[in-house]
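S.K.: Got a structure for you, written out below as structure tokens; questions coming shortly.
The values are calculated or read from the model by the stated rules, or taken from the named source; none is laboratory data. Since we're looking at a predicted model, the values are computed, not measured. Neighbour counts run over all protein chains shown; Cβ positions are idealised from the backbone, glycine included.
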Amino acid sequence: MLLMLSTAFAQQVEFDAGITALRQGDYPAAADSLAAALSAGGVDPAVYHALGNALYRQEQSGAAIAAWRRGLVLDPGDGDLDANLERARGQTTDRLSPPEPSYGPFFWQGWISQRGSAALSSLGFTLALLLLGAGRRRPALLTAAFGGLLLASTLSARAVGAGAVVISEAVSVRSALGPDGVELFVLHEGAEVAVEENTESHILIVLPDLRKGWVPAASLISTDPEDPFPLDAL
């Protein structure tokens, strides 16, 4: 319990320091503190929102888009994140449409946050236990099934956000790894892509028009909010 409290305190301290630095115009310090909050376990839409703001104001648009995309994965109903992304996308060279998420049967993932889904799931299981204790077995089973569905939705939400954003000024997309690969096309900072395959050093990316090819892993930042945010690579 003490460890959990200590971790939560460290997250809040770093987040508050990041917000203070952001308001004072010290954007590098803000980004450092907000990345530290993430590293301490503070994976939250508000942290990614602020981190994206700090990066965007340092003209690191690709990294900012990646941060805001991560925030939107966690809270797809956040209109401010949506507005930031639309503005930044309008300034990119390639003007690609972002990868379309596939929610499968969990259609509500397009408007409810992971945190909200998890809270409703917990509420469902709690109500099921109360109903079971009151001898209402059938309603308890139905409520537990509702909680289980929301739990499955929460666990699948991470995969929905899988993708990446180009952070290099320009990167060559090649047909294969090694000397046999030829240049197919070039992407620029801020381009949002889907990820099909990973190696230790390269990633196979796919565009909305189904063009695909290999790029160096160092030229991208994942949009998975649980992945480390590589601030030191910028």
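S.K.: Being assigned to a helix (DSSP H, G or I) and either under 19 Å from L55 (Cβ atoms) or touching a residue at least 12 places away in the same chain (Cβ under 8 Å) (or both) is the requirement here; does A218 meet it?
M.R.: Values: assigned to a helix (DSSP H, G or I): yes; either under 19 Å from L55 (Cβ atoms) or touching a residue at least 12 places away in the same chain (Cβ under 8 Å) (or both): yes.
When the stated conditions are applied, A218 passes them.
S.K.: Still on this model: Which count do you get for residues in segment 19-68 that are closer than 15 Å to I167 by Cα and at pLDDT below 95?
M.R.: Residues in segment 19-68 being closer than 15 Å to I167 by Cα and at pLDDT below 95: 0 in total.
S.K.: Still on this structure, I have one more. Restricting to segment 176-205, name every residue that is aliphatic (A, V, I, L, M) and either under 18 Å from the mean Cα position of the chain (by Cα) or outside the structural domain of L72 (by TED's automatic domain parsing) (or both). If you could, list the steps in order and put the result at the bottom.
M.R.: Initially, segment 176-205 is screened for residues aliphatic (A, V, I, L, M), giving 176-177, 182, 184, 186-187, 191, 193-195, 203-205.
Within segment 176-205, A191, V193, A194, V195, I203, I205 qualify.
S.K.: Only one of these conditions is not met by S33: (1) among the hydroxyl-bearing types (S, T, Y); (2) surrounded by fewer than 21 Cβ atoms within 10 Å (Cβ to Cβ); (3) assigned to a helix (DSSP H, G or I). Which number is it?
M.R.: The number of the failed condition is (2).
S.K.: Residues of segment 164-193 being surrounded by fewer than 20 Cβ atoms within 10 Å (Cβ to Cβ), out of contact with any helix residue (DSSP H, G or I) (no Cβ under 7 Å at 6 or more places or on another chain) and either small (G, A, S) or not in a loop (DSSP other than H, G, I, E, B) (or both), which ones?
M.R.: A170, S172, R174, S175, A176, G178, G181, E183, L184, F185, V186, H188 - these are the residues of segment 164-193 that are surrounded by fewer than 20 Cβ atoms within 10 Å (Cβ to Cβ), out of contact with any helix residue (DSSP H, G or I) (no Cβ under 7 Å at 6 or more places or on another chain) and either small (G, A, S) or not in a loop (DSSP other than H, G, I, E, B) (or both).
S.K.: Just to be sure, is V173 among the aliphatic types (A, V, I, L, M), within 26 Å of A36 (Cβ to Cβ) and at pLDDT 95 or above?
M.R.: no
Matching residues to (1) at pLDDT 75 or above; (2) surrounded by 16 or more Cβ atoms within 10 Å (Cβ to Cβ):
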residue: T93; (1), (2): yes, no
residue: G104; (1), (2): no, no
residue: W108; (1), (2): no, no
residue: W111; (1), (2): no, no
residue: R115; (1), (2): no, no
residue: T126; (1), (2): yes, no
residue: L129; (1), (2): yes, no
residue: A140; (1), (2): no, yes
residue: A144; (1), (2): no, yes
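S.K.: Could you check how many residues of segment 36-49 are closer than 16 Å to P76 by Cα and either in a helix (DSSP H, G or I) or not assigned by TED's automatic domain parsing to the domain that holds R87 (or both)? Full working, then the answer.
M.R.: At the first step, the residues of segment 36-49 found to be closer than 16 Å to P76 by Cα are 43-49.
With either in a helix (DSSP H, G or I) or not assigned by TED's automatic domain parsing to the domain that holds R87 (or both) added as a condition, the list becomes 45-49.
Going through segment 36-49 one residue at a time, the tally reaches 5.
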